[in-house]
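I have placed the structure first, in the form of C-alpha cells, so that the comments after it can refer back to it.
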Amino acid sequence: DQCFSGVSSGPGQVVAWSAGSGQATLPVRAPFVIDVCPQTFRLIDQLLNEVWPGIDGKREWPPSQEQECLATSCLNLLRLQLVTVIQHAVSVDTLSLEPGSTLLTNLKRKVVEMATHPNVLDTIQTCAQRVLEAAWTILLPTPDERARALSDLLPHQSSESSQQSSGRTFMTDLLVTSLMA
C-alpha cells in the first residue's frame, strides 16, 4: 500500500520513489538517476535537442513513440535534478545555470515551448508543465523575466484568436501567480 511521489524511466530501467510519512529529501547523487552537476544539465539539454524540433519544426513532428518516451524521460529527469538543486540549496552558479547563461536559456526555451505550444503531445506537455511548476524559481528567476514571458504569451493583435491553448493558459496562470508572490 505504498504511495509513490515520482517516477523516471530510461530504456533499461524504471525508478520510482516515495515520500513515506515524512517529507521526502533527495540525495545530491544517486547513480543513474541524480547527479547535480553541470554535465548532467548539458546532457539533458543535448537529449532534448534530439526530440524537440522547436517552434521552427525542423524535425519530424509529431514524434515517434520512442521520441515521446525520450522527451518525457528527459523532462522527468530535469525536474528531478532541479528539485534536488532547490532542496539542497545548490548554487545555480556552480551548475552553469545562472540567469542569462546559455545552458539555462536553452533549457528554459525548450521547456517553455513544450509546456505551451499547441501541437505538443499531452504527455510531453504535462511533463514540461511539471518541470515549470517545480522549478520556476530557477528557470524564470526574476520578475522581469516572468513578466516578459507573460507578455509573449498574451495575444498582441486583435486578429489573434482570443482562445488560448491549454499550455498557454497554464503558463499564463503560472507566471501571474509567481509575479503575485
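What FRET efficiency would be calculated for the residue pair ARG148, ALA16, taking the C-beta separation as r and a Förster radius of 41 Å, to the nearest 0.05?
In this case the efficiency is close to 0.65.
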**OP:** At 1.4 Å probe size, with every protein chain present, just tell me what the per residue accessible area of the range 100-146 comes to in Å².
**Re:** 40
**OP:** Set the Förster radius R0 to 41 Å, insert the Cβ-Cβ distance between VAL176 and GLU50 as r into 1/(1 + (r/R0)^6), and round the FRET efficiency to 0.05.
**Re:** 0.80
**OP:** Rank by packing, highest mean first: peptides 169-178, 106-115, with packing defined as the count of other Cβ atoms within 10 Å averaged across residues.
**Re:** 106-115, 169-178
Original post:
Whose amide H sits under 5 Å from the amide H of GLY6, counting only residues 5 or more places off or on another chain, with H placed in the peptide plane?
Top reply: TRP17
Original post:
What's the extension gain from ILE86 to LEU121 if we count 0.36 nm per residue and subtract their Cα-Cα distance?
Top reply: 9.8 nm
Original post:
Around ASP35, which amide H atoms from residues at least 5 apart in sequence, or from another chain, sit under 5 Å from its own amide H, with H modelled in the peptide plane?
Top reply: ALA30
Original post:
Considering only protein heavy atoms and a 1.4 Å probe, what is the carbon-and-sulfur percentage of the accessible area of the range 79-145?
Top reply: 54
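The values are calculated or read from the model by the stated rules, or taken from the named source; none is laboratory data. All values reported here derive from a predicted model rather than from experimental measurement. For neighbour counting, all protein chains shown are included, and Cβ atoms are generated from backbone atoms with ideal geometry for every residue, glycine included. Accessible surface is based on the protein model in full, side chains and every heavy atom, while ligands, DNA and RNA are left aside. Shrake-Rupley method; radii C 1.70, N 1.55, O 1.52, S 1.80 Å.
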